[in-house]
Amino acid sequence: MKLSTILAGVTTAVGFASAAPVLEARSGTCTNPAVRKEWRNMGVLEKANYLLSVQCLMIKPSKLKSQFPNAKTRWDDFISLHKDVTPQVHFVPQFLTWHRAFLHVFETALREECFYKYRLPYWNMDLDHDNWLASPVLDSILGFGSNGEEIGGDPNFPGSTGGGCISSGLFKYTRVNIPYSDATTPLRAPRCVKRAFLGINNDLWLTEQAVQNTIANSATYEEFEAALEGDINFADLSAKLGLHNAGHSSVGGDMSDMFISTGDPLFYLHHANVDRIYWLWQQQQSSRHYEVNGALAPRPNPMLIWPNPPSGDFTLAYEMLGLMVPGTNTPIQAGMVTNTKGKGVSPPSGGANGLLCYQYA
């Protein structure tokens with residue numbers, strides 16, 4: 001199906017969506033939390049609205065070009081924001097809160113700049129672990145397209161398929177202007193977004209049992225963060241891969257590159273699901289809504305890429321690097337985003353008021 005045909009259908013659907021009622025939290029605190037839904041539980045109009053809003057960011061001019069010279073679009077801005085701080089927000093306890101804040105900034109841009117009416121969707125990969133290619137998330141019309149063009153997979157991930165540019169759907173023709181992070185890769189841009197599906201992790205990590213084990217076996221935030229994000233052990237890549245890393249490597253291509261994974265629209269659905277699992281862990285005890293701990297420096301890992309990390313511990317006052325409260329120059333602090341229903345309320349220990357008002361269904 002031609003892209004023009006797909007876009008025509010989506011645009012028509014969004015036109016009908018304009019009258020759809022959307023419940024919002026109107027007060028200064030979180031009295032009516034919005035709901036983030038799994039992609040397959042969204043209606044046709046909701047899906048169409050999201051897809052078109054993402055494409056809007058892909059053509060809207062950059063607001064951060066002075067900071068990121070390669071950026072030409074708002075989509076490039078978000079790739080650049082993530083790429084710029086990748087060493088400081090992976091394999092560290094601030095991983096979960098930073099990405100929660102990042103999703104908030106991204107969602108705000110969709111809603112305020114590109115007419116998105118709803119909330120970020122998520123992809124619960126365990127629903128598709130036994131039949132990945134049949135997932136409605138990968139639908140070519142009301143989804144994100146399928147694997148990359150078949151070029152023998154990604155040589156860095158034996159057993160993967162595809163490996164080329166996204167082969168179907170709305171994002172087949174997507175081009176981004178941020179180069180790959182690997183210095184050995186030609187730094188030409190604009191470039192396509194690649195995928196290389198890898199199914200070997202699905203049965204081990206992308207299951208409901210893996211989610212429940214990760215939640216049940218983690219008594220502290222530091223333990224939970226490490227288990228959910230995962231670590232890299234080159235001697236046994238499956239040993240501590242974790243739900244987060246497994247999702248990235250299963251999609252492959254751009255998603256398997258920590259620095260520029262935000263170029264693939266699936267990044268946001270995957271990380272919303274990671275955030276959902278974090279939210280589920282927090283629901284087990286009320287004290288977890290403001291619990292953070294652990295050393296700021298990365299835990300021992302062969303992927304260590306932060307050469308001179310600071311000393312000290314991760315606290316609620318820690319600033320989420322590169323992220324500002326939308327519409328302001330105020331840095332987002334961890335305590336502003338640990339509680340998804342903390343809007344307008346400061347943490348019990350004091351500090352800036354919360355920003356968020358949502359829950360997961």
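Since every read-out is calculated from the coordinates, none of them should be taken as a lab result. Here the structure is a predicted model, which means the values were calculated and not measured. All Cβ positions, even for glycine, are placed from backbone atoms using ideal geometry, and neighbour counts span all protein chains on display.
A few comments on the model shown:
- Structure remark: mean-square fluctuation, Gaussian network model of the chain, C-alpha springs under 10 Å; the largest value among 110, 127, 228 belongs to 127.
- Highest mobility in the GNM of the chain, judged by mean-square fluctuation with C-alpha springs under 10 Å and restricted to 195, 175, 100, is found for 175.
- Proximity of backbone amide H atoms, modeled 1.01 Å from N, is registered between residue 323 and 332 at under 5 Å, excluding neighbours fewer than 5 places apart on the same chain.
- Taking the stretch 168-315 and dividing mean pair separation by its residue count, relative contact order in percent (alpha carbons under 8 Å, at least six apart): 21 percent
- Residues 42, 324, sorted so that the one with the fewest Cβ neighbours within 10 Å comes first: 324, 42
- For residue 144, residues with placed amide H under 5 Å, excluding near neighbours: 138, 139
- Normalised radius of gyration (Cα atoms, divided by 2.2 N^0.38 Å) for the stretch 190-243: 1.36.
- ³J(HN,Hα), Karplus 6.51/-1.76/1.60, whole Hz, each residue of the stretch 112-119, x for Gly, Pro: 8, 10, 9, 6, 7, 9, 10, 10
- Cα gyration tensor, the chain - rounded (a/c under 1.5), prolate or oblate: rounded
- In this structure, the amide hydrogen of residue 295, modeled 1.01 Å from its nitrogen in the peptide plane, lies closer than 5 angstrom to those of 314, counting only residues at least 5 positions away or on a different chain.
- Length-normalised contact order for the chain - Cα pairs under 8 Å, 6+ apart - percent: 20 percent
- Residue-wise HN-Hα coupling along the stretch 258-265, computed from phi with Karplus coefficients 6.51, -1.76, 1.60 (Hz; x: Gly, Pro): 3, 6, 10, 4, 5, x, 8, x
- Here the Karplus curve 6.51 cos²θ - 1.76 cosθ + 1.60, taken at θ = phi - 60°, turns the phi angles of the stretch 188-201 into couplings of 7, 8, x, 9, 7, 9, 9, 9, 8, 4, 9, x, 5, 8 Hz, with x standing for Gly and Pro.
- The helix-based estimate of mean residue ellipticity at 222 nm for the chain, built from -39,500 (n - 2.57) per DSSP H run of four or more residues and divided by its residue count, is -9500 deg cm²/dmol to the nearest 500.
- The count of lysine pairs in the chain whose Cα atoms are under 17 Å apart, excluding pairs fewer than 8 places apart on the same chain, comes to 12.
- Normalising the average separation of contacting C-alpha pairs (under 8 angstrom, six or more residues apart) by the number of residues puts the relative contact order of the stretch 275-361 at 22 percent.
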